[in-house]
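Undergrad: The structure under discussion is supplied below as structure tokens; questions concerning it will follow.
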2 protein chains.
Amino acid sequence: MARPRSFDRDHVLHAAERQFRTTGYNGTSVDDLSAATGLGRGSLYAAFDGKHGVLLQAMTGYFARLGQFAPQALAGPDEGALERLRRYLHRAVNGVPLADDVPPAPDRAAAACFAAKMALELGASDPEVERTAKACFSAVATALAECVRAAQRNGDIAPDADPDDLAYLLLTIIRGIDVVGAAGHSPARLTSIAESAFALLPRPRHR
Amino acid sequence: MARPRSFDRDHVLHAAERQFRTTGYNGTSVDDLSAATGLGRGSLYAAFDGKHGVLLQAMTGYFARLGQFAPQALAGPDEGALERLRRYLHRAVNGVPLADDVPPAPDRAAAACFAAKMALELGASDPEVERTAKACFSAVATALAECVRAAQRNGDIAPDADPDDLAYLLLTIIRGIDVVGAAGHSPARLTSIAESAFALLPRPRHR
DNA sequence: AGAGTTCTGTACTGAGTTGTCAACTACGGC
DNA sequence: GCCGTAGTTGACAACTCAGTACAGAACTCT
């Protein structure tokens, strides 16, 4: 018995995420957010509790998407596990897309992982941001570890390698590619890094 | 025949760097800089051309320190090259120190590489920052590659590995450790990542 | 010791920022 | 068709910020 919302919550959070990823948190004003989302100032405060609220909810949405995407991209039959790891590594070269159907931003610094950007910018001064970012990373690491185990079952990765350690190393490399890319290194260089990382995965002895 | 400066330029730039690394560029006001450096507003503008000038010169100083430190930490006799690589990897766990004699900031997000933080925050919107960050990374990669070559000469790394590719991979891992650390993962986790990375270096066949 | 030049710090300005508020609008039940 | 509820809007006030200008202080060379 009241007026319904005239905007789509997820659509607004996507637009906000894109803005935050492009100009950073402190580099984004509420007016910028308002322009990016099409919502008025008041609505932003009423629905999301202002700039900081928008950030937290956008990050939560990002976490939810990641928690769905990573396992989906990495799960599957044991035979394809190694190839899925390779593809996931190479996916980092082009950055983390905003949504499944939206290509990553053209400029590389804005294409970096949302959680990583915010963690590095707001870091210790914002425990909630830090916690969400950590959760994002853990989710990806878990999915990677599962895929490593699958590859081990298929005999593509050395059985004595610790899947969790390897997963965190892969996560680190992926996030590192983001950073090196943001500093302006060429896609060719990033591809070469991803390829080197893949080549170094511990294979079973001989064949 | 005029009044000399009453401050030490490098000291001021160090203080500014610490401030930028702690609160980010857009999160730092000129007043913050003034308080951190002890300089008045006027002096900051006269000597460094304002906030942006301070940033660029602080980054240049960082680059100079890195260009000196990395080769120094990685150069040496061929026998110790592999161990030097191991140490350099593990150094990333505690973050990048502000100066040789100053320990890294206690909070992990502020301990991350200055160039990486600024590149990710200002990224594409500031070509000069991007260029300096890229230069920092290239300098480290070059030093790493030299050390890899030394390790190869000593038979500790597979001779068919491309030293440049390996160097960039190591750089990526080091920067990735920064990011994973900034998200709040424990030093133990970071150490484990560094150890895994080292263990995966391509060794010569057999022994 | 004096004069000139450079450094230093504070006060000021205009632009931009955040968070709030009151009026307005639209929709669903009665 | 009216009314209450909740969403929306634009404007407003307080504040912060970057950058400038000016006046005073300090030092060196003569």
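Undergrad: Return yes when A:PRO106 is outside any helix (DSSP H, G or I), more than 16 Å from DNA strand D (Cβ to nearest atom), modelled with pLDDT under 95 and not aromatic (Phe, Trp, Tyr) and no when it is not.
TA: It is true that A:PRO106 is outside any helix (DSSP H, G or I), more than 16 Å from DNA strand D (Cβ to nearest atom), modelled with pLDDT under 95 and not aromatic (Phe, Trp, Tyr).
Undergrad: Give me the pairs: first residue in region A:42-55 and under 16 Å from A:GLU17 (Cβ atoms), second residue small (Gly, Ala, Ser) and within 8 Å of DNA strand C (Cβ to nearest atom), beta-carbon distance under 9 Å, and six or more apart or on different chains, which are they?
TA: A:LEU44/A:GLY50; A:LYS51/A:SER29
Undergrad: Considering every residue within region B:144-158, establish whether at least one is more than 18 Å from B:PRO71 (Cβ to Cβ) and buried (at least 20 other Cβ atoms within 10 Å of the Cβ).
TA: yes
Undergrad: While we're on this one: For residues in region A:2-34 being among the small types (Gly, Ala, Ser) and surrounded by fewer than 18 Cβ atoms within 10 Å (Cβ to Cβ), which is farthest from the other protein chains (Cβ to nearest Cβ)?
TA: Here the residue is A:ALA2.
Undergrad: Same structure, new question: Going through region A:1-21 one residue at a time, which ones are closer than 21 Å to A:ALA109 by Cα and of a type in the set (A, V, I, L, M, F, W, C)?
TA: Within region A:1-21, A:LEU13, A:ALA15, A:ALA16, A:PHE20 qualify.
Undergrad: Going residue by residue through region A:116-138, is there one that turns out to be within 11 Å of chain B (Cβ to nearest Cβ) and assigned to a loop (DSSP other than H, G, I, E, B)?
TA: Within region A:116-138 (the criterion being within 11 Å of chain B (Cβ to nearest Cβ) and assigned to a loop (DSSP other than H, G, I, E, B)), the answer is yes, since at least one residue qualifies.
Undergrad: Here is a follow-up. For region A:142-153, indicate whether the set of residues that are basic (Lys, Arg) and touching a His at 6+ places or on another chain (Cβ under 7 Å) is non-empty.
TA: Checking region A:142-153: not a single residue is basic (Lys, Arg) and touching a His at 6+ places or on another chain (Cβ under 7 Å).
Undergrad: Right, something else. Starting from residues that are surrounded by 14 or more Cβ atoms within 10 Å (Cβ to Cβ) and in contact with a Phe, Trp or Tyr (Cβ under 8 Å, 6 or more places away or on another chain), keep the ones in region A:35-46 and report whichever is farthest from the other protein chains (Cβ to nearest Cβ).
TA: Applying the filter and picking the extreme gives A:SER43.
Undergrad: Looking at A:ALA47, A:ALA58, A:ALA36, A:ALA16, which is the one that is under 24 Å from A:LEU122 (Cα atoms), in contact with a helix residue (DSSP H, G or I) (Cβ under 8 Å, 6 or more places away or on another chain), within 12 Å of DNA strand D (Cβ to nearest atom) and not in a loop (DSSP other than H, G, I, E, B)?
TA: None of the others qualify; the one that does is A:ALA47.
Undergrad: Identify the single condition in (1) modelled with pLDDT under 95; (2) away from DNA strand D (no atom under 16 Å from the Cβ) that A:LEU89 does not satisfy, given that it satisfies every other one.
TA: (1)
Undergrad: A:VAL96 versus (1) surrounded by fewer than 22 Cβ atoms within 10 Å (Cβ to Cβ); (2) within 12 Å of the chain's Cα centre (by Cα); (3) not in a helix (DSSP H, G or I): which is the lone unmet condition?
TA: If we test A:VAL96 against (1) surrounded by fewer than 22 Cβ atoms within 10 Å (Cβ to Cβ); (2) within 12 Å of the chain's Cα centre (by Cα); (3) not in a helix (DSSP H, G or I), just (1) comes out false.
Undergrad: A further question on this structure: Give the residues of region B:22-53 that are over 21 Å from B:ALA109 (Cα atoms) and more than 11 Å from DNA strand C (Cβ to nearest atom), sorted by residue number.
TA: B:ASP49, B:GLY50, B:LYS51, B:HIS52, B:GLY53
Undergrad: Only residues that are without any contact (Cβ under 8 Å) to a residue 24 or more places away in the chain, within 7 Å of chain A (Cβ to nearest Cβ), hydroxyl-bearing (Ser, Thr, Tyr) and more than 19 Å from A:ALA161 (Cα to Cα): list them for region B:159-207, please.
TA: B:THR172
The values are calculated or read from the model by the stated rules, or taken from the named source; none is laboratory data. Small disclaimer: the values here were computed from a predicted structure and weren't measured. Reconstructed Cβ throughout: ideal geometry from the backbone, glycine too, with neighbour counts over all protein chains shown.
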